[in-house]
Amino acid sequence: MAKKSRKGQKNKPWTAQDEERLIENVKKNVTNLSKAFKLTSKEIQRTPGACAGHWYANTSIKSGHCLFMTISGKHIAINRKNGKGNKSSMSLYQKVLAIFGLTY
């Protein structure tokens, strides 16, 4: 049985099709995640907040779902817009080379 949300609506479980729509919309709108979440919400009858929450809590951290990354001097963030993420001792230049499979 589905849990009830704070507003009294039932939270339906995410299906593989729901998640695939979310991934496709993020791929199409990688520079505008808000737009991706809004498009997905209309397609699968969920709120944009629910789509964003599912993206950050579940889909974006799964292995094999690296759609974009942010690299800062100290961090590499996969599927995140900020530079906070996995600590790295590599320089920014080394990180960029590593992404393209090149060595320093």
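The values are calculated or read from the model by the stated rules, or taken from the named source; none is laboratory data. Quick caveat, the model's predicted, so the values are computed rather than measured.
How many of the residues in the stretch 18-35 are closer than 13 Å to PRO48 by Cα and within 10 Å of the chain's Cα centre (by Cα)?
Selection size over the stretch 18-35: 3.
Going by the conditions given, is CYS51 modelled with pLDDT of 90 or more and under 11 Å from the mean Cα position of the chain (by Cα)?
So CYS51 passes the test.
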